[in-house]
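Accompanying notes for the structure given below.
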Amino acid sequence: MSEERETRHAKRQRLQSQSEKRLQYREEQEIKRKNLKHVKIDENLIKDQDSNDSKLPIKRFYRQRAHSNPFSDHKLEYPRSPDQMNWSKFYPKFVDETTGKLSKQVTIADIGCGYGGLMIDLSPAFPNNLILGMEIRVQVTNFVEDRIIALRQQHFKEDKFQNINVLRGNAMKFLPNFFQKSQLEKMFFCFPDPHFKQRKHKARIITNTLLSEYAYVLKEGGIIYTITDVKDLHDWMVKHLDEHPLFERLDENFEKNDECVKIMFNSTEEGKKVERNKGDKFFKCYKRLPDHPKL
Ligand SMILES: C[S@@+](CC[C@H](N)C(=O)[O-])C[C@H]1O[C@@H](n2cnc3c(N)ncnc32)[C@H](O)[C@@H]1O
């Protein structure tokens, strides 16, 4: 009995020390993040740092519940309109020194980017595009911010990973607050939350209403990429996209030759998990049609 109590006591102590360690780690990372997330990472900055500063973040310290309710009030910050959005601080290396303004717009969005693997692989493939991940979970967003800061520091000499960043936001509510009409060239929906139960289907990230918003921010000819390991969700996404007058399904020829299809197949954390478990991956791509609807 006393042995059992001691074991329980030891367990409690172990959990407490783990939780204290996690809190301490998060606090330290937060200080670093606040100082570095919006600054230009260059030689001068690196000179003043110690070598520990550019370590990649440790994922287990950022764990959070798997699902976040997209309908609840997350106290998110969002601009009144895209004009009010200051993107310069997200991509400081792309700020024109003479005008002080950003030389480009965000054109690629990873919706529900999770831990950021897709953006990290897209970054070198699209060095002239600004890429944004939108993620609703706070700790997951923090992880991606810390990952990008560390990567920028590690690769400052080659100026790598300057074109990616992440924003905490609810893509089901505020996309038109962030992006102008026709601003985006590509939108990725990789392994979105499946919301299996019928009464939860309304929380799926692809619905008829939301597709109209995605069509608004996508330019004509822009592409929506979808991939999932859940067949029922795949059928749902295909059905809604097929039915929407502003999207057209792309054929196998496109799928075989498009660079992004290859990247999205293997680079996201969920995709890698599916690979390890030898699961299936279902994907489809759709082109944004001109504004006049199909006859
Ligand atoms: C299953 S994970 C997939 C993450 C990543 N795309 C991947 O393939 O590894 C789905 C992600 O979408 C995020 N998410 C769900 N609803 C969202 C919303 N309305 N806006 C932004 N992110 C959302 C979740 O927090 C979660 O990180």
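Summary table below
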item: Which listed residue, of PHE161, PHE179, PHE196, PHE191, is surrounded by 21 or more Cβ atoms within 10 Å (Cβ to Cβ) and farther than 26 Å from LYS93 by Cβ; result: PHE191
item: Every pair of residues 6+ apart whose Cβ atoms lie under 8 Å, when the first sits in region 258-287 and is more than 14 Å from ALA125 (Cα to Cα) and among the hydroxyl-bearing types (Ser, Thr, Tyr) while the second is at pLDDT 95 or above and part of a helix (DSSP H, G or I); result: THR268/GLY117; THR268/LEU118; TYR286/LEU241
item: Residue among SER103, SER123, SER88 that alone is within 20 Å of ILE41 (Cβ to Cβ), surrounded by fewer than 17 Cβ atoms within 10 Å (Cβ to Cβ) and touching a Phe, Trp or Tyr at 6+ places or on another chain (Cβ under 6 Å); result: SER103
item: For ALA109: the one exception among (1) within 28 Å of ASP42 (Cβ to Cβ); (2) surrounded by fewer than 22 Cβ atoms within 10 Å (Cβ to Cβ); result: (2)
item: Filter result for GLN84 (within 17 Å of ARG147 (Cα to Cα) and among the polar types (S, T, N, Q)); result: no
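The values are calculated or read from the model by the stated rules, or taken from the named source; none is laboratory data. Please read all numbers here as calculations on a predicted model, not as lab measurements. Positions of Cβ are generated from backbone atoms using ideal geometry, with glycine treated the same way; all protein chains shown enter the neighbour counts.
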